[in-house]
1. For region A:1-12, how many residues are at the interface with chain B (Cβ under 9 Å from one of its Cβ atoms) and open to solvent by 70 Å² or more (accessible area, probe 1.4 Å)?
2. For B:Gly65, state whether it is at positive phi, open to solvent by less than 20 Å² (accessible area, probe 1.4 Å), part of a loop (DSSP other than H, G, I, E, B) and not aromatic (Phe, Trp, Tyr).
3. Can we say B:Thr260 is open to solvent by less than 50 Å² (accessible area, probe 1.4 Å), in a helix (DSSP H, G or I) and touching an Asp or Glu at 6+ places or on another chain (Cβ under 8 Å)?
4. Kindly provide the set of residues from region B:320-337 that are open to solvent by less than 10 Å² (accessible area, probe 1.4 Å) and within 20 Å of B:Ser145 (Cβ to Cβ), ordered by number.
5. Which residues, counting only those in region A:21-47, are more than 26 Å from B:Arg491 (Cα to Cα) and touching a Phe, Trp or Tyr at 6+ places or on another chain (Cβ under 7 Å)?
6. Restricting attention to region A:76-85, does a residue exist that is within 13 Å of another protein chain (Cβ to nearest Cβ), closer than 25 Å to B:Trp344 by Cα and in contact with a helix residue (DSSP H, G or I) (Cβ under 9 Å, 6 or more places away or on another chain)?
7. Every residue in region B:486-500 that is within 13 Å of chain A (Cβ to nearest Cβ), in a loop (DSSP other than H, G, I, E, B) and out of contact with any Asp or Glu (no Cβ under 7 Å at 6 or more places or on another chain), please.
8. Between a first residue in region B:217-230 that is in contact (Cβ under 8 Å) with a residue 12 or more places away in the chain and a second residue that is of a type in the set (Phe, Trp, Tyr) and buried (at least 24 other Cβ atoms within 10 Å of the Cβ), which pairs have beta carbons less than 6 Å apart while being 6 or more apart in sequence or on different chains?
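The values are calculated or read from the model by the stated rules, or taken from the named source; none is laboratory data. Here the structure is a predicted model, which means the values were calculated and not measured. Virtual Cβ from ideal backbone geometry, glycine too; neighbours counted across all protein chains shown. Heads up: the accessible areas ignore ligands, DNA and RNA and are worked out on the full protein's heavy atoms, side chains in. Shrake-Rupley method; radii C 1.70, N 1.55, O 1.52, S 1.80 Å.
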Amino acid sequence: MDFRYFKAAPDAPLEWPTSDPGSEPDFVLVALERTNDPDANNHTGFDFFGAYGDGAVIDAWAVNQLVDAINAAALPNPVTYYPTPFNEA
Amino acid sequence: MTTITPLLRVKERIVGPSGIYNIQNEWYGYANEFKYTIGLAGLMGFGVGCCPPELLPGDMAALPGTEDRFSANYGTYVHLPSASIQCFVPAHFIDVQAPGNTDAPTYGTKVVITSTPTGNAVLARPFTDGGGNVIGVFIDKYEGSNTRSDGSGAPNHTNGPGGTPLTNGIFASRPLQWPVSPVAQSGTLYSPFSLCNSTALNGAATTPANSLGGVWALCKTRGTDFLPCPLWVYTQIGYLSLAHAQALLTVGGVPTVNATSRAAWMDVAPYLPKGNNNSNSGSDVNKTSLQFARTDLTGHTSGFAGQASRAFTGAARVNGLSAVEHTTHNGQLSGIVDVNGNQWGIAPGLTSVTTGMSAAGYRLLPSSVAWSSIASNNDIRAAAGLISLAAESAPAADDGIWHTAANSLAYLQPHSGGTFHPTSTWAANATRKAMAECGIPRELGTTNTQGSTGTNHFGGDGFYRSLTADCLPLVGGDWFGSASAGVFDRRFTDTPSLRRFNGARAVRLLSA
């Protein structure tokens, strides 16, 4: 399983991967922090996302999205939400 | 000489915010009768109300604060034999309008809710049944769970909420419990419908099948008056949320100063109920600080209900403190909980013909038929006066069901003529009325890019179009689907025989 991290402008329109309960998705995209969330840990002016799954599919998806790839160290600290499997990566 | 002082009752005018559409939002009457209405959008107590005491079923009781509009228990009742908590939604009128634009932040649909008929407003579908009127509907506050049959409301599990589900349970609406679904075992024992098989409250109850179609038998374990929450009730819950949000926006489209005190979910766009919908991660996709793990109650390290990121009922927290009001239909503690995400809700009432399915194959139960007389999709199709929805005669003709391609998801498409068909057009076209009452958008969404067509008003809600025969609708989305979750989310691709992680709520209709 591969992990990718992204940052984007607040509420940027993203193409979320759709999921069918009966099938395994190629990857899962998770919102980790929204800067406009008043209860967020940080208000950096950006939204942060994580993705896990097939790295090639994630990278292909990201090419067409209004997101910038970052590494995990560039996430706000502590990021508001860092669930499994990210926290086990 | 005795002096008699007459007691004067003076009618009062209660005024709510006029909101983004500058509506006339007021109620006029005796103040002590306001609580029996749906309330005013944008005010405390909107979206629920009190049941007239003389009509309250004998096995139900008010809670402390039920009649206090500012209480967490406003409009909330307990069904004593099962300890189920239900919200009472009084009958009201709805006027869906088309303001003529698709601009942010309202995206083409205006909803006005009133307690008396005005203009083009019609009595909302949940309040007509069996050819008569319904005073109000008791709706499960929580997704249903397996509880003991002794009336305690305690989980029917070993070792507390995190334990193993047991047989001989009752389907009940309780907080912080494991929501049932028609999945029995897949490596791990889940909490299946079939274990809600007690006949303690209904001697005629049968063991529910572990399939979506088991929802009728499931609800009956609580009593003969309890029925699956139909699609039109779920849709009306969405309209109430939308009307509330529009009343709490200024004409300029930003939340009013006090908006978050009237609806907690006005703090983060989209301004609709939030939920457990962030891609199997146990938080809300737009408000990531809203999180659903409750490890203190499960006894398990996962913090979830038998399946990764499926939450216990009413589990929402922010910074470790309960924040369930962010997940309710009215953004207040008094509202219906978890209406966005967590588990798809099984929402019968609309189905499709079993052969020759096409866009004209949808069939809706007419309000002339009693919902209590229905126990399957087959019963719907056999009902007298069944409503056959028309297929759209041509693209953008606005006269019927528009989709022809199966099994793909599209987001709601803002339409200058109304994202949902306006009430003013319903009388002339039964299909338009049916579509709006079922939450079927006026036109096909043309994108699967969340937000790019301004769908944020609806939280990026999607419509999973399908030509499945014998469909049994699902609503609301689940813990896995950030791309498609919300009060207007619909999925018409599942059938009664399927076993999925889908939940249910029961309703009890209070007829006039």
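1. Within region A:1-12, residues that are at the interface with chain B (Cβ under 9 Å from one of its Cβ atoms) and open to solvent by 70 Å² or more (accessible area, probe 1.4 Å) number 0.
2. Details: at positive phi: yes; open to solvent by less than 20 Å² (accessible area, probe 1.4 Å): no; part of a loop (DSSP other than H, G, I, E, B): yes; not aromatic (Phe, Trp, Tyr): yes.
Answer is no for this residue.
3. No, not satisfied.
4. B:Thr327, B:Thr328, B:His329, B:Gly335, B:Ile336, B:Val337
5. Going through region A:21-47, the residues more than 26 Å from B:Arg491 (Cα to Cα) turn out to be A:32-47.
Result: A:Leu32, A:Glu33, A:Thr35.
6. Within region A:76-85 (the criterion being within 13 Å of another protein chain (Cβ to nearest Cβ), closer than 25 Å to B:Trp344 by Cα and in contact with a helix residue (DSSP H, G or I) (Cβ under 9 Å, 6 or more places away or on another chain)), the answer is no, since none of the residues qualifies.
7. Answer for region B:486-500, where residues must be within 13 Å of chain A (Cβ to nearest Cβ), in a loop (DSSP other than H, G, I, E, B) and out of contact with any Asp or Glu (no Cβ under 7 Å at 6 or more places or on another chain): B:Thr493, B:Asp494, B:Leu498, B:Arg499.
8. B:Leu218/B:Phe171; B:Leu218/B:Phe193; B:Cys219/B:Phe226; B:Thr221/B:Phe171; B:Arg222/B:Phe171
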